[in-house]
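Student: Got a structure here, written out as structure tokens. Questions coming.
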Amino acid sequence: MKDNFEFLLPTKIYFGKGEENKIGEIISSYGYKKVLFHYGKNSIKKSGLYDKVVSSLKKNNIEFVELGGVQANPTLEKVKEGIILSRKNNVELILAVGGGSVLDSAKLIAHGFYYDGNPYDISLKKYVSTKALPIVTMITIAAAGSEMSSSCVISDEEHHLKRGFNSELNRPLASIENPELTYTVPLNQLGYGVVDIISHSFERYFNKSDDIEFADYMAEAIIKATIDSGIELISSPYSYSARATMMLASSFSHNGLTSLGKDSFMPIHQLEHELSGLYPSIAHGEGLAILIPAWMKVVHSFDKEKFIKFAKNVMMVSVYEDEEDLINKGIKKIEEIFKKFSMPSSLKEVGVKEEDLLIMANKLTDNGSKIFPSNIPLTKELVLKIYKEAFKEEK
């Protein structure tokens, strides 16, 4: 663990049944009266959530303009539309209702509101934003953890890029979390969420740590809680306790808790961003489900002790012949967990062309001139090896 660190979680969580009905009251308590109501496509209207939000805003005399239509892998085009609309109506706050895509879109709109250049300059780290509109979120799927995180990831479809940036300004003022709002999430989306939540703690777990490391214990617990609640939801989709556990795991997996006092690198997320940046139809969780085992197979020899710890403590492998067998069984078990949620197991299976593997490796490493930092640094050669492993079809 680092000798010194600072840690602050400014986001207030309003958790439980019916909390969505308080949204107008919550925003009003912060003194804001004019908001951008940002959401996805038609699901919140079909579920009746849209009407609840609008009713609460009106009841509390909060003016609002709305912008829907956010897609999975949220786009720069929608962000620009939101900035124009927000400026035109002098909004004071953004209310983001939906999943991680809506929340991330809201975050870049919040920064772009005060920046006259291309908002993607912020995502590309060409410009460091120092001011953003405040955000309040209401999540309808447990997955991205954007409701408490400092991260924001947006796709530039024109240039086939998917880039993210971190800023403490990205953390919402408040997040409304009612597990009942996730009852209608289909099985494939549930699977994507499980994989994403696992990945947020998994990747932090594999960063350098001491033998007795507080953050690692937190990561192990969150990963196991996510797996247990996810499996429960396959057979009992209306289990409130499982939905609640999944929702809290989403928030705490990506808010910094599982990297407390450690360096925090997300190498598999970077690999996936290149993938869904080039293939926007591939869901983020879908890509991660393919890349996590591939990454493990390629890099485990660089850090055997941590892979052994993961296999024993998280995958609960107790019978094995030697260290290599133990590690391989740990990898096999996480593959089996992903299969329970009908996740794909190879890039070829989701339509990726083999010739694009090198393109993705080159984009991530700037044609080999950049090594992506992590506990196991990703060179172009290593990145390409991981993509090739992920491309293989299961024997």
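The values are calculated or read from the model by the stated rules, or taken from the named source; none is laboratory data. As the structure is a computational prediction, the values presented were derived from the model and not from experiment. Here the Cβ is made from the backbone with ideal geometry for all residues, glycine too, and neighbour counts use every protein chain on show. Keep in mind that these areas ignore ligands, DNA and RNA; they rest on the heavy atoms of the full protein, side chains included. Shrake-Rupley method; radii C 1.70, N 1.55, O 1.52, S 1.80 Å.
Student: Checking the conditions here, which among Leu103, Leu95, Leu133, Leu108 is outside any helix (DSSP H, G or I), buried (at least 24 other Cβ atoms within 10 Å of the Cβ) and modelled with pLDDT of 95 or more? Walk me through how you get there before you give the answer.
Tutor: Values: Leu103 fails: outside any helix (DSSP H, G or I); Leu133 fails: buried (at least 24 other Cβ atoms within 10 Å of the Cβ); Leu108 fails: outside any helix (DSSP H, G or I).
Exactly one of Leu103, Leu95, Leu133, Leu108 is outside any helix (DSSP H, G or I), buried (at least 24 other Cβ atoms within 10 Å of the Cβ) and modelled with pLDDT of 95 or more, namely Leu95.
Student: Determine the pairs where a residue that is touching a residue at least 60 places away in the same chain (Cβ under 8 Å), located within region 354-368, has a partner that is open to solvent by less than 80 Å² (accessible area, probe 1.4 Å) and among the acidic types (Asp, Glu) with Cβ atoms under 6 Å apart, the partner being 6 or more residues away or on another chain.
Tutor: Sorted first by the residue in region 354-368, then by its partner, the pairs are Met360/Glu274; Lys363/Glu274; Leu364/Glu274.
Student: Being part of a helix (DSSP H, G or I) and either surrounded by 20 or more Cβ atoms within 10 Å (Cβ to Cβ) or among the β-branched types (Val, Ile, Thr) (or both) is the requirement here; does Ile376 meet it? Before you say what the answer is, go through the steps one by one.
Tutor: On the way: part of a helix (DSSP H, G or I): no; either surrounded by 20 or more Cβ atoms within 10 Å (Cβ to Cβ) or among the β-branched types (Val, Ile, Thr) (or both): yes.
In short, no.
Student: Of (1) surrounded by 14 or more Cβ atoms within 10 Å (Cβ to Cβ); (2) outside any helix (DSSP H, G or I); (3) not β-branched (Val, Ile, Thr), Lys370 satisfies all except one. Which?
Tutor: Exception for Lys370: condition (1).
Student: Something else now. What number of residues within region 212-238 are out of contact with any Ser or Thr (no Cβ under 8 Å at 6 or more places or on another chain) and small (Gly, Ala, Ser)?
Tutor: Looking only at that region, the number is 4.
Student: Follow-up. Out of everything in region 351-395 that is at pLDDT 95 or above and of a type in the set (Asp, Glu), what residue ends up being farthest from Ala283 (Cα to Cα)?
Tutor: The residue in question is Glu381.
Student: Can you tell me which residue among Asp228, Asp196 is surrounded by fewer than 24 Cβ atoms within 10 Å (Cβ to Cβ) and either at pLDDT below 95 or acidic (Asp, Glu) (or both)?
Tutor: Asp228
Student: Give just the number: which of (1) in a loop (DSSP other than H, G, I, E, B); (2) closer than 27 Å to Lys363 by Cα; (3) at pLDDT 95 or above does Val298 not satisfy?
Tutor: (1)
Student: Identify, please: which residue in region 239-297 is without any contact (Cβ under 8 Å) to a residue 40 or more places away in the chain and of a type in the set (A, V, I, L, M) and is, among those, surrounded by the most Cβ atoms within 10 Å (Cβ to Cβ)?
Tutor: Among residues in region 239-297 that are without any contact (Cβ under 8 Å) to a residue 40 or more places away in the chain and of a type in the set (A, V, I, L, M), the one surrounded by the most Cβ atoms within 10 Å (Cβ to Cβ) is Met296.
Student: Here's another thing I want to ask about it. Out of the residues in region 51-85 that are touching a Phe, Trp or Tyr at 6+ places or on another chain (Cβ under 8 Å) and in a strand (DSSP E or B), which is least open to solvent (accessible area, probe 1.4 Å)?
Tutor: Leu67
Student: Is it the case that some residue within region 312-326 is basic (Lys, Arg) and in contact with a helix residue (DSSP H, G or I) (Cβ under 6 Å, 6 or more places away or on another chain)? Full working, then the answer.
Tutor: As a first pass, look at region 312-326 and keep what is basic (Lys, Arg): 312.
The next check asks that each one be in contact with a helix residue (DSSP H, G or I) (Cβ under 6 Å, 6 or more places away or on another chain); those that pass are none.
No, there is no match, as no residue in region 312-326 is basic (Lys, Arg) and in contact with a helix residue (DSSP H, G or I) (Cβ under 6 Å, 6 or more places away or on another chain).
Student: Considering only residues that are open to solvent by 30 Å² or more (accessible area, probe 1.4 Å) and of a type in the set (Gly, Ala, Ser), which ones fall in region 199-224?
Tutor: Ser209, Ala221 - these are the residues of region 199-224 that are open to solvent by 30 Å² or more (accessible area, probe 1.4 Å) and of a type in the set (Gly, Ala, Ser).
Student: Within region 136-188, take every residue that is of a type in the set (Gly, Ala, Ser) and outside any loop (DSSP other than H, G, I, E, B) and give me the one that is nearest to Gly16 (Cα to Cα). Before you say what the answer is, go through the steps one by one.
Tutor: Step one: filter region 136-188 for residues of a type in the set (Gly, Ala, Ser), giving 142-146, 149-151, 155, 164, 167, 174-175.
Next, only the ones that are outside any loop (DSSP other than H, G, I, E, B) stay: 151, 155, 164, 174-175.
Numbers: Ser151: 25, Ser155: 32, Gly164: 30, Ala174: 14, Ser175: 11 Å.
Going through the qualifying residues, I end up with Ser175.
Student: Among Lys45, Lys12, Lys17, which is out of contact with any strand residue (DSSP E or B) (no Cβ under 6 Å at 6 or more places or on another chain) and under 20 Å from Leu248 (Cβ atoms)? Outline the logic, then answer.
Tutor: Details: Lys45 fails: under 20 Å from Leu248 (Cβ atoms); Lys12 fails: out of contact with any strand residue (DSSP E or B) (no Cβ under 6 Å at 6 or more places or on another chain).
Lys17 is the lone residue from the list that is out of contact with any strand residue (DSSP E or B) (no Cβ under 6 Å at 6 or more places or on another chain) and under 20 Å from Leu248 (Cβ atoms).
Student: Let me ask something else about it. Across region 153-193, what is the number of residues that are open to solvent by less than 10 Å² (accessible area, probe 1.4 Å), out of contact with any strand residue (DSSP E or B) (no Cβ under 6 Å at 6 or more places or on another chain) and not hydroxyl-bearing (Ser, Thr, Tyr)?
Tutor: 5
Student: Under the condition of being open to solvent by 10 Å² or more (accessible area, probe 1.4 Å) and part of a strand (DSSP E or B), which residue from region 16-42 is nearest to Ala242 (Cα to Cα)?
Tutor: Looking at the filtered set, the residue picked out is Tyr39.
Student: Inspect region 111-122 for any residue being under 22 Å from Glu203 (Cβ atoms) and open to solvent by less than 10 Å² (accessible area, probe 1.4 Å) and give the result as yes or no.
Tutor: No, because not a single residue in region 111-122 is under 22 Å from Glu203 (Cβ atoms) and open to solvent by less than 10 Å² (accessible area, probe 1.4 Å).
Student: May I pose another question? Name the residue, out of Glu381, Glu389, that is open to solvent by 30 Å² or more (accessible area, probe 1.4 Å), in contact (Cβ under 8 Å) with a residue 40 or more places away in the chain and outside any loop (DSSP other than H, G, I, E, B).
Tutor: Values: Glu381 fails: in contact (Cβ under 8 Å) with a residue 40 or more places away in the chain.
From the options Glu381, Glu389, the qualifying one is Glu389.
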